[in-house]
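Trainee: Submitted below is the structure of interest, expressed as structure tokens.
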Amino acid sequence: MSGILYLCPTPIGNLSDMTPRVIETLKQVDLIAAEDTRNTLRLLNCFDIDTPVTSYHEHNKASKGGNLIEKLLSGKNIAVCSDAGMPAISDPGEDLVKLAIKNDIQTVPLTGPCALTTALIASGLPTGRFSFEGFLSVTKKSRFEHLNDVKNDTRTLIFYEAPHKLIYTLRDMLDIFGDREICLARELTKKYEEFNRTTLSEAVKYYEENSPKGEFVLIIAGKNKDELKEEQRAEKPSAEELLKEYETEELYGKELVKKVAEELELPKREVYDLYLKLQKK
Ligand code: SAM
């Protein structure tokens, strides 16, 4: 019988966030696949866990994945841990889960620390609908493509960012999103935890003068719904233009009004009144 792949979150700063269930699981499995073996060994020492550890990271995941799957198929239980936080979220683990599922291996997720949700719940920005965007690419073209892709998203946006790239990211965001509310969540669960709830333009000014230190999650307000509607309306042709453009011997009257109203998302009555007015001219 195959073993089980356990997905074990680890603290993102505060050791007390290690859950009893994660400790128990890490003690019981046959092997721990860790993104950073040195970091994980330090953590294991704190909790008297002496389970063997092997590396599984971005640069060896293609070759190592198959090897771990073979072990699981032979009945070994394996836990996967990232450097910190929730494995498989902007971390290796995602590919191993896919491989495990493909091989009918049971995967068991454990709950625990995750930087994005920890930052979001204290940001003060809407939590009802959000989109996790991970890290932006380092190449200018794909960064801009990514930001342009989400610039009209009305959901709260969440990004991970390294301190040395923060100022470039904030400038690019201001450029593409325009000025918006942002919460910069820094050093979560650590001694110098900080939430800078401000705007993109103020954040650019601030971090141009104060060099950013520590780890950051950026929570950005989604596009304002009214502004989006206004912009979309301005981009669309007017109802009058469409009524004139679409009117033919086959398409006229109520059918024409229906088509134009649907396309412009306008009330049929409004388009019909306009249609009657145009007929009288
Ligand atoms: N898988 C982890 C998770 O979701 O919890 C995240 C791993 S990702 C490689 C690392 C990024 O997570 C950092 O660059 C930062 O954006 C964010 N992060 C991790 N720990 C953090 C902390 N204590 N405070 C703020 N951001 C943190």
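The values are calculated or read from the model by the stated rules, or taken from the named source; none is laboratory data. A quick note: this is a predicted structure, and the numbers were derived from the prediction, not measured. Quick reminder, even Gly has a Cβ in these numbers, built from the backbone with ideal geometry, and neighbours come from all protein chains shown. What goes into the accessible areas is simple: the full protein's heavy atoms, side chains included, and nothing from ligands, DNA or RNA. Shrake-Rupley method; radii C 1.70, N 1.55, O 1.52, S 1.80 Å.
Trainee: Could you tell me whether Phe216 is in contact with a Phe, Trp or Tyr (Cβ under 9 Å, 6 or more places away or on another chain), modelled with pLDDT of 90 or more, of a type in the set (Phe, Trp, Tyr) and within 30 Å of Gly124 (Cβ to Cβ)?
Mentor: In short, yes.
Trainee: Still on this model: Can you confirm whether Ser55 is in contact (Cβ under 8 Å) with a residue 12 or more places away in the chain, open to solvent by less than 70 Å² (accessible area, probe 1.4 Å) and among the hydroxyl-bearing types (Ser, Thr, Tyr)?
Mentor: yes
Trainee: Right, next: When the residues of region 149-187 are filtered to those that are hydrophobic (A, V, I, L, M, F, W, C) and assigned to a strand (DSSP E or B), which remaining residue is nearest to the ligand (Cβ to nearest atom)?
Mentor: Ala185
Trainee: With the requirement that a residue be out of contact with any helix residue (DSSP H, G or I) (no Cβ under 7 Å at 6 or more places or on another chain) and either open to solvent by 60 Å² or more (accessible area, probe 1.4 Å) or within 10 Å of the ligand (Cβ to nearest atom) (or both), what does region 198-209 give you?
Mentor: Glu202, Lys205, Tyr206, Glu209
Trainee: So which residues in region 4-45 are loosely packed, with under 14 Cβ neighbours inside 10 Å and either in contact with a helix residue (DSSP H, G or I) (Cβ under 6 Å, 6 or more places away or on another chain) or closer than 23 Å to Thr118 by Cα (or both)?
Mentor: Asn14, Leu15, Ser16, Pro20, Arg21
Trainee: For region 75-103, how many residues meet the condition of being of a type outside the set (A, V, I, L, M, F, W, C), over 15 Å from His57 (Cα atoms) and buried (at least 17 other Cβ atoms within 10 Å of the Cβ)?
Mentor: Going through region 75-103 one residue at a time, the tally reaches 1.
Trainee: Still on this structure, please answer the following. When you check Ser131 against the structure, is it more than 11 Å from the ligand (Cβ to nearest atom), under 17 Å from Ile158 (Cα atoms) and surrounded by 20 or more Cβ atoms within 10 Å (Cβ to Cβ), yes or no?
Mentor: no
Trainee: While we're looking at this one, here's another question. Looking at Ser123, Ser74, Ser82 in this structure, which one is hydroxyl-bearing (Ser, Thr, Tyr) and within 11 Å of the ligand (Cβ to nearest atom)?
Mentor: The conditions single out Ser82.
Trainee: Scanning for something closer than 19 Å to Pro109 by Cα and among the β-branched types (Val, Ile, Thr), does region 5-17 turn up at least one residue? Walk me through it before giving the result.
Mentor: Taking region 5-17 and keeping what is closer than 19 Å to Pro109 by Cα, we get 5-12, 17.
Among the residues that remain, those that are also among the β-branched types (Val, Ile, Thr) are: 10, 12.
Within region 5-17 (the criterion being closer than 19 Å to Pro109 by Cα and among the β-branched types (Val, Ile, Thr)), the answer is yes, since at least one residue qualifies.
Trainee: Determine which single condition Ser137 fails, assuming it passes every other condition in (1) within 26 Å of Leu166 (Cα to Cα); (2) more than 12 Å from the ligand (Cβ to nearest atom); (3) modelled with pLDDT of 95 or more.
Mentor: The number of the failed condition is (3).
Trainee: Assess whether Lys213 counts as being open to solvent by less than 90 Å² (accessible area, probe 1.4 Å), basic (Lys, Arg) and part of a loop (DSSP other than H, G, I, E, B).
Mentor: Details: open to solvent by less than 90 Å² (accessible area, probe 1.4 Å): no; basic (Lys, Arg): yes; part of a loop (DSSP other than H, G, I, E, B): yes.
So Lys213 fails the test.
Trainee: Please find, among Lys258, Lys236, the residue that is at pLDDT 90 or above and either surrounded by 11 or more Cβ atoms within 10 Å (Cβ to Cβ) or in contact with a strand residue (DSSP E or B) (Cβ under 8 Å, 6 or more places away or on another chain) (or both).
Mentor: Exactly one residue qualifies, and that residue is Lys258.
Trainee: Give region 91-121 a look and list any residue that's in a loop (DSSP other than H, G, I, E, B) and modelled with pLDDT of 95 or more, or say none.
Mentor: Of everything in region 91-121, those that are in a loop (DSSP other than H, G, I, E, B) and modelled with pLDDT of 95 or more turn out to be Asn103, Asp104, Ile105, Leu110, Thr111, Gly112, Pro113, Cys114.
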